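The values are calculated or read from the model by the stated rules, or taken from the named source; none is laboratory data. Just so it is clear, the model here is predicted, and its values are computed rather than measured. All Cβ positions, glycine included, derive from the backbone under ideal geometry; neighbour counts span all protein chains shown.
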Amino acid sequence: MNEFVLALFVALTGWWFSTGVILWLVHRPERYHRNIFGLATITMLVAFYGVQTTVTESTPQSVVTAFCLALLLWGWLEMGYLMGFVTGPRKEACPDGATAVARMRLGLRTCIWHELTLLVMVAVLAWLSWRQPNQTALWAFTVLWLMRWSSKLNLVLGVRNYNQSWLPERLAYVHSYIPRRLLNPLFPFSVTCGVIVSFYLINSAIQATDLGLMIALTLAGAIAALGTLEHLFLMAPLKEAALWIWAAPTPTPSVTKTRSQSQ
């Protein structure tokens, strides 16, 4: 039980701290971004090498290390998008009156290189983890990937609560693809699936007899639960930004003056 609680603590603190670090780095002056992303890219390559060395054994230390490496890989991907290095060919606002389908199609063009890179990273992790005892990095990264895709679909369909100030100035056009709605048809399904997956993973962890497998499932289940919580943040008028007040930027008029849609 102590290992189970410790794994939950690692997942929670890892999610909170890595999100804060990404926020803080992304909002440094742009003149530093190339160097920051260069160092992050080196870290990403080292992380892939680290995954290769951890997949061969499922000790508690290897499992936790693999989880942390997955967070590093995810952090590189997020910085690549938010710093503008891995985005898409479209860098324009969504046209007025665009339908949900058109908004989704145009929105995909704003981040298609990011999405393709994500798929390649999942494929590499799957290749490194194939028939290996430690699947933690693949599981954690895949859960992050699926939760992020679900979040993006909900954003395009419309959400109630969206923290605009977190996106840097260069991505201000992204706000135009996110209408404001009290609820969208996908949201209940997304939350329900998130709860089911979280319960399945945590319940499997509790029943696991192998300590390494128990920790791996707990970490993946905790990330799924936190991803479901992030979905709730999109609709509930909560002050979740206070969790990262130490890393978040101060809103400016140029960022907060964005167009709101109600389709």
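For region 58-78, does any single residue satisfy the condition of being in a loop (DSSP other than H, G, I, E, B) and modelled with pLDDT under 95?
Yes, that holds for at least one residue.
Here are the criteria: (1) surrounded by fewer than 22 Cβ atoms within 10 Å (Cβ to Cβ); (2) part of a loop (DSSP other than H, G, I, E, B); (3) in contact (Cβ under 8 Å) with a residue 40 or more places away in the chain; (4) not aliphatic (A, V, I, L, M). Tell me which single one residue 94 does not satisfy.
(1)
Among (1) over 24 Å from residue 226 (Cα atoms); (2) surrounded by 20 or more Cβ atoms within 10 Å (Cβ to Cβ), which single condition is residue 82 missing?
Failed condition: (1).
Just the residues that are part of a helix (DSSP H, G or I), in contact (Cβ under 8 Å) with a residue 60 or more places away in the chain and either crowded, with 17+ Cβ neighbours inside 10 Å or touching a His at 6+ places or on another chain (Cβ under 8 Å) (or both), please, taken from region 97-122.
Within region 97-122, 103, 106, 107 qualify.
Looking at 12, 45, can you tell me which residue is under 30 Å from residue 108 (Cβ atoms), surrounded by fewer than 15 Cβ atoms within 10 Å (Cβ to Cβ) and among the aliphatic types (A, V, I, L, M)?
45
May I ask you to list the residues in region 22-57 that are in a loop (DSSP other than H, G, I, E, B) and of a type in the set (D, E, K, R)?
28, 57
Please enumerate the residues belonging to region 156-171 that are surrounded by fewer than 18 Cβ atoms within 10 Å (Cβ to Cβ) and either in a helix (DSSP H, G or I) or aliphatic (A, V, I, L, M) (or both).
Those that are surrounded by fewer than 18 Cβ atoms within 10 Å (Cβ to Cβ) and either in a helix (DSSP H, G or I) or aliphatic (A, V, I, L, M) (or both): 164, 165, 169, 170.
Report yes if some residue within region 145-154 is over 14 Å from residue 70 (Cα atoms) and over 13 Å from the mean Cα position of the chain (by Cα); otherwise report no.
yes
What's the total number of residues in region 172-182 that are crowded, with 19+ Cβ neighbours inside 10 Å and of a type in the set (Phe, Trp, Tyr)?
1
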